[in-house]
Amino acid sequence: MAWRPVAAAPLSVVRIFSGIQPTGRKHLGNYIGAIAQYVSSQERGEGIFCIVDLHAITVAYDPAELRERLYDTTAILLAAGLDPSRCILFRQSDVHEHTELTWLLSSVTELGRLQRMHQFRDKELAQRELVSAGLLIYPVLQAADVLAYRAEEVPVGEDQREHLELMRDVARRFNSRFAGGEEVLVVPEHRIPPVGARIMDLQEPTRKMSTTGSSEQGTVYVLDEPKTIEKKIKSAVTDSGSEVRIAEDKPGITNLIEILAAVRGSERAAVEAEFAEARYGDFKGAVADAVVEYLSPVRERFQALRADEAGLERMLGQGAERAREIAAGTLSEVRERMGVGPPG
Ligand code: AMP
Ligand code: TRP
């Protein structure tokens, strides 16, 4: 694989950053809520995408499996359409600036706030063995990921809203404490998609589709075979009644409407209108077909990309070099402002 370097971006181009964990198998929620936005953001600005292996070690994990999943995730992102000649794609642990910035920013992060974060509390309860300090610091590393690049936009699903709020506060506190209010660290905006920011489990439509804690049957994986996808969607839990309509007491149907709208790039209301007269069975069939068509090209491209681990490593290495160039500039300014290390 040979990748061309990205042409220098004009000044007005928006910088977009996001991170994704190399854990588990990526699912339809990840794809719709995040990966699809990464791909489209290549049209709008300078995209920087990071596979966050250091975040993945904050809960119990297997080292050998982490490497495998890292390649899986990288190959899925490429198969989805991330193009290393148009964006920067790299592995978090290759760019040491992230960990250094985490430490520096921990001095402007409030401990109580970290202890109150929803994700920390959920994961803390879910840990059967060790609740690691890393789990608590997790959002500071996430803040460092984004702030190191002075990114303006962060495409994520709804579950990341609180992490984005925290990183905005960290940037503001740094700027006011160490930069006299100057925007040395850019305060980023989240970009949560209007449709598909929270895809729900097909079997338990009141909880989000997720890698951990979801049922196999309720989770459509990006790499599922068409037959499997069809079966999962056709056996999705639906609600009493027979109307295809968005309603609080119809979480199953509402979720399927959301999925179809997201996959088609249309509005929920358009889906409702189209299926106003349809039966549940026909509607589910249409959703299944659309999702199969949506994910099939990704699954097909994945195989060849995943098989070439040396090629993936080379590409990640080149991505890391370009990422480091940007992050190193931010780090030297942050160190300078904080009075850390030799002057100037
Ligand atoms: P993770 O796999 O936890 O690193 O998540 C990667 C991205 O997928 C993040 O931006 C999440 O917000 C997004 N995401 C995770 N689960 C869902 C879901 N059920 N619906 C929509 N987006 C999701
Ligand atoms: N915490 C995010 C998740 O679980 C992953 C992540 C790490 C991230 N660093 C990031 C997302 C920076 C956006 C920006 O999905």
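The values are calculated or read from the model by the stated rules, or taken from the named source; none is laboratory data. Bear in mind that the values here come from a model prediction, so they are computed numbers and not experimental data. For neighbour counting, all protein chains shown are included, and Cβ atoms are generated from backbone atoms with ideal geometry for every residue, glycine included. Please note that ligands, DNA and RNA were not included when accessible areas were found on the heavy atoms of the full protein model with its side chains. Shrake-Rupley method; radii C 1.70, N 1.55, O 1.52, S 1.80 Å.
Residues are listed down the side, and each one gets a yes or a no for (1) closer than 30 Å to residue 306 by Cα; (2) touching a Gly at 6+ places or on another chain (Cβ under 8 Å); (3) away from ligand 2 (no atom under 14 Å from the Cβ):
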| position | (1), (2), (3) |
| --- | --- |
| 101 | no, no, no |
| 110 | no, no, yes |
| 130 | no, no, yes |
| 134 | yes, no, no |
| 139 | yes, no, no |
| 150 | no, no, no |
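Going through the stretch 208-228 one residue at a time, which ones are away from ligand 2 (no atom under 16 Å from the Cβ) and open to solvent by 50 Å² or more (accessible area, probe 1.4 Å)? Passing the criteria: 216, 217, 223, 225, 227, 228. Is it true that some residue in the stretch 165-183 is more than 21 Å from residue 142 (Cβ to Cβ), out of contact with any Ser or Thr (no Cβ under 6 Å at 6 or more places or on another chain), modelled with pLDDT under 95 and not basic (Lys, Arg)? Looking through the stretch 165-183, at least one residue is more than 21 Å from residue 142 (Cβ to Cβ), out of contact with any Ser or Thr (no Cβ under 6 Å at 6 or more places or on another chain), modelled with pLDDT under 95 and not basic (Lys, Arg). Of the listed requirements (1) farther than 16 Å from residue 264 by Cβ; (2) surrounded by fewer than 16 Cβ atoms within 10 Å (Cβ to Cβ); (3) of a type in the set (S, T, N, Q), residue 296 misses just one: (1).
Applying a threshold of 8 Å to beta carbon distances and a minimum spacing of six or more residues, or different chains, the list of pairs starting in the stretch 89-108 at a residue that is assigned by TED's automatic domain parsing to the domain that holds residue 66 and under 20 Å from residue 38 (Cβ atoms) and ending at one that is aromatic (Phe, Trp, Tyr) and assigned to a strand (DSSP E or B) reads 89/49; 90/49.
Of the numbered criteria (1) assigned to a helix (DSSP H, G or I); (2) touching a residue at least 24 places away in the same chain (Cβ under 8 Å); (3) more than 16 Å from ligand 2 (Cβ to nearest atom), the one residue 83 fails is (1). None of 137, 192 is within 12 Å of ligand 1 (Cβ to nearest atom) and among the β-branched types (Val, Ile, Thr) except 192.
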